[in-house]
Amino acid sequence: MIVKCRKMPDHLLFLETLLQRNADLYEQYQRVNAGYIGELRVDCEWDDIFLEQEHYLFHDYQITNQANFTHQIDTLFICRSFILLIEVKHIMGRLDFEEQTHQFIRTKSDGTQNVYHNPIDQIERHRLLIETLLLKWGIELPVIPAIIVTSPSAHIGMTPPHYLIFHVTGLRTKLQQLFEKYSPSVTSEQLHNLKVLLLANYERKPFVRSIIPAKTIIGALCPHCQPTVRLQHWRGKSFQCPRCDNRFTDAIPKGLRDYKILFGELITNRAFRQFFGMKDVKVASKLLAHLNLESRGERKTREYIIPDKVKWGT
Ligand SMILES: [Zn+2]
């Protein structure tokens, strides 16, 4: 049973929105997106596995430790016999997990190498926290860390002996082996209680936006023109593109959706004008009134709250 579903990370949505407005961010976006693609690939594998044993799955489990640091566990699986912690890596090339040096090295087919944070150290950090919590909650279950590699062109090289590091296609077999190795050590009720405790301690890390790079194009964008063109001429009911001359009646709600992702849910009249490139305070006030947004504060300090779905033209 899936207790927590995976959502697109806020950071990825932020980068995706920013990328339409600043092509320089492509590599950064690709890196973050690859991580998400790998996690979704593992989720798909879980969907294809039928387990008779009672179990709960938490995708992207987040919790804060006693030192106020966040743990973000890609997948947390609990059953009456064991707990499985999964760290996902979507990286192609040869991957070496060096035990002595604690380094994680990727070698591409052309021989170039990259050194990354060792996922074993990451998952061991999670294991320690989960074991501490189990002790505190009086639940005795073995905690097994695993690293799952998802890129089809990855070649798993050197790994520490007895450590679970495997390609995603092996998940079903590894689970079977774990069920054969570990017998149930908690009751169904204890497992249910553990699920409740884990849910109660779930704490999503607040997203902190990075500074918008200087070259980024702000405002409403023409959906037709490439490279990106900022719509600049408000014609009373629509924005007109200075390049293709097309008019767009939905440019403001679309622009506000992006504004919310890039800057947050609050917008002032001044910020609205700066973003959409409008000079006239009255025109902006009329548009903000037409949007019927909730607001707080009075007059010049008034801030409007951008909802998840901006209604327009109703
Ligand atoms: Zn255009």
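Quick one, what does Rg over Rh come out to for the range 102-173 if you take C-alpha atoms and the Kirkwood Rh?
Values: Rg = 15.1 Å, Rh = 14.3 Å.
For the range 102-173, the value is 1.06.
At 0.36 nm per residue, minus the direct Cα-Cα distance, what do Q28 and S185 gain on full extension? Give it in nm, one decimal, please.
Numbers: separation 157, 0.36 × 157 = 56.52 nm, distance 4.44 nm.
In short, 52.1 nm is gained.
Suppose the Debye formula is applied to equal point scatterers at every Cα of the range 232-305; what is log10 I(q)/I(0) at q = 0.13 Å⁻¹?
-0.37
Could you let me know the centre-to-centre spacing of the range 259-309 and the range 169-230, using Cα atoms, in angstrom?
The range 259-309 and the range 169-230 have Cα centres spaced 32 Å from each other.
Expected output is a single nm value to one decimal: the length gained when fully extending between V208 and R127, i.e. 0.36 nm times separation in residues minus the C-alpha distance. What is it?
Details: separation 81, 0.36 × 81 = 29.16 nm, distance 2.61 nm.
My answer for the length gained is 26.5 nm.
Quick one: if you stick a label point 7 Å off each Cα along the C-beta vector at Q176 and E294, how many nm between them?
5.2 nm
Taking R0 as 22 Å, what's the FRET efficiency between K7 and C225 from their Cβ-Cβ distance, rounded to 0.05? Provide the component values of the computation, followed by the final result.
Values: r = 31 Å, r/R0 = 1.43.
After rounding to 0.05, the efficiency reads 0.10.
Quick one: of the DSSP bridges fully inside the chain, what percent are antiparallel, nearest 5?
Working: 32 of 48 bridges.
Of those bridges, close to 65 percent are antiparallel.
Leaving out ligands, DNA and RNA, and with a 1.4 Å probe, what % of the accessible surface on the chain is carbon or sulfur? The partial results should precede the final answer.
Numbers: 9150 of 18030 Å².
It is 51 percent, rounded to a whole number.
What lysines does K311 reach when the alpha-carbon gap must be under 21 Å and sequence neighbours fewer than 8 apart in one chain are set aside?
By straight Cα distance, K311 reaches K237, K254, K260, K282, K286.
Might you work out the accessible area of C44 for me, using a 1.4 Å probe with all protein chains in place, and round it to the nearest 10 Å²?
80 Å²
Please list, in order along the range 19-33, the HN-Hα scalar couplings obtained from phi with the Karplus expression 6.51 cos²θ - 1.76 cosθ + 1.60 (θ = phi - 60°), rounded to whole Hz, x for Gly and Pro.
4, 4, 10, 7, 5, 5, 8, 4, 5, 4, 4, 4, 5, 5, 5
Quick one: work out Rg over Rh on the C-alpha atoms of the range 50-103, Rh as Kirkwood radius. Show your work: numbers first, answer last.
Values: Rg = 15.0 Å, Rh = 13.9 Å.
That ratio is 1.08, to two decimals.
5 Å is the cut-off here: which amide hydrogens, built 1.01 Å from N in the peptide plane, fall below it relative to D60, excluding neighbours closer than 5 in sequence?
It is T75, L76, by chain and number.
Please find, in a Gaussian network model of the chain (springs between Cα atoms separated by less than 10 Å), the residue of N201, N114, N33 whose mean-square fluctuation is greatest.
In the Gaussian network model the winner is N114.
Given the whole protein assembly as supplied and a 1.4 Å probe, what does the accessible area of M278 come to in Å², nearest 10?
20 Å²
What percent of all Cα-Cα pairs in the range 2-200 falls in each 5 Å bin, counting up from 0?
In whole percents, the pair-distance histogram is 1, 7, 14, 18, 19, 17, 12, 7, 3, 1, 0.
How much length is gained on full extension from M158 to R247, taking 0.36 nm per residue of separation minus their Cα-Cα distance?
On the way: separation 89, 0.36 × 89 = 32.04 nm, distance 5.80 nm.
Contour length minus the Cα-Cα distance gives 26.2 nm.
Step through the residues of the range 287-304 one at a time and calculate ³J(HN,Hα) from phi using the Karplus curve (6.51 cos²θ - 1.76 cosθ + 1.60, θ = phi - 60°), rounding each to whole Hz and writing x for Gly and Pro.
5, 5, 5, 4, 6, 6, 7, 5, 9, 9, x, 10, 6, 5, 8, 4, 10, 9
Under the Karplus relation 6.51 cos²θ - 1.76 cosθ + 1.60, θ = phi - 60°, what is the ordered set of whole-Hz ³J(HN,Hα) values for the range 221-231, x standing for Gly and Pro?
10, 6, x, 9, 7, 10, x, 3, 10, 7, 6
For the charge dipole of the chain, defined by +1 on Lys and Arg C-beta atoms and -1 on Asp and Glu C-beta atoms about the Cα centroid, which residue among T75, P9, G93 has the Cα displaced farthest towards the positive pole?
P9
Would you mind pulling out the separation of the Cα centroids of the range 1-47 and the range 81-108, in Å?
20 Å
What translational diffusion coefficient, to the nearest whole µm²/s, does the range 190-314 have by Stokes-Einstein, given a Kirkwood radius computed over alpha-carbon pairs, a temperature of 37 °C and 0.692 mPa s viscosity?
Details: Rh = 16.6 Å.
This corresponds to a translational diffusion coefficient of 197 µm²/s.
The values are calculated or read from the model by the stated rules, or taken from the named source; none is laboratory data. Keep in mind that what you see is a predicted model, and the values were worked out from it rather than measured. FYI the Cβ positions are ideal-geometry reconstructions off the backbone, even for glycines, and counts take in every protein chain you see. Just the protein is used for accessible areas: all its heavy atoms, side chains included, with ligands, DNA and RNA removed. Shrake-Rupley method; radii C 1.70, N 1.55, O 1.52, S 1.80 Å.
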